[in-house]
Amino acid sequence: MLQDENGLAKEDFDREFEKALDMIYSIGMKLYRGNEDDAADFAQSLYPFALKQSGKFAGRSAFSTWLYRLAWNFGLEDLRRKKRFVADTLEGVDIAAAETEPEFDEQEIGELRKHISSLSDQYRIPLILLFYENMSYADISAFTGVKEGTLKANVHRAKNLLRQKMGK
């Protein structure tokens, strides 16, 4: 059996990575605006990177949790390198349920998604992680390196921008 420096067998790594492929592909679809080819390329290019990083897996969380974080960081860094925009990941997310505002009809949801995708990364990424990934501000801060207060302000500004764009 092949071992890395932490003693994690390559076969164990491969098995756990295989179990997480749907989650990884889903992250790729969110980051790359639903482009299936880009999402598949993302999943494929994550494997060697994750294998190299597997020595950093300390076992303080489930492997899938560690891989989830690694995948998001890898994808966001890839987008930064390519100077691409982050995907409109709110497909299927009921933002109205997370807010105390009236529910949206199908047309308004489509319009909301369009406006969210037009937001800059500093507003769109926290919205994605907060509402779609259900991350806390503390987790988003640790994940992105942006202070919690700044994140809260950006989410507040993003909501106001969306209200303005939607005329509400």
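The values are calculated or read from the model by the stated rules, or taken from the named source; none is laboratory data. These numbers were taken from a predicted model, which means no experiment stands behind them. Cβ placement follows ideal geometry from the backbone for every residue including glycine, while neighbour counts extend to all protein chains displayed.
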Practice problem: Kindly establish whether PHE42 is without any contact (Cβ under 8 Å) to a residue 40 or more places away in the chain and among the aromatic types (Phe, Trp, Tyr). | Solution: yes
Practice problem: Go through the range 119-155 and give me each residue that's buried (at least 18 other Cβ atoms within 10 Å of the Cβ), of a type in the set (Val, Ile, Thr) and farther than 20 Å from MET166 by Cα. | Solution: ILE140, THR144
Quiz item: Is it the case that ILE116 is modelled with pLDDT under 85, within 23 Å of PHE49 (Cα to Cα) and buried (at least 18 other Cβ atoms within 10 Å of the Cβ)?
Solution: no
Quiz item: If you take just the helices (runs of 4 or more DSSP H) that sit entirely in the range 10-108, which of them hold at least 2 residues that are over 24 Å from LYS159 (Cα atoms), at pLDDT 85 or above and among the basic types (Lys, Arg)?
Solution: 10-19
Self-check item: Scope the range 139-168; condition under 20 Å from HIS115 (Cβ atoms) and of a type in the set (A, V, I, L, M, F, W, C); matching residues
Solution: LEU151, ALA153, VAL155, ALA158, LEU161, LEU162, MET166
Quiz item: Of these, SER45, SER26, SER64, which one is out of contact with any Gly (no Cβ under 9 Å at 6 or more places or on another chain), surrounded by fewer than 19 Cβ atoms within 10 Å (Cβ to Cβ) and closer than 19 Å to PRO126 by Cα?
Solution: SER26
Quiz item: Name the pairs whose Cβ atoms lie under 7 Å apart, with the first residue in the range 132-147 and free of Cβ contacts under 8 Å to residues at least 24 places away in the same chain, the second assigned to a loop (DSSP other than H, G, I, E, B), and 6 or more positions between them or separate chains?
Solution: SER141/LYS147
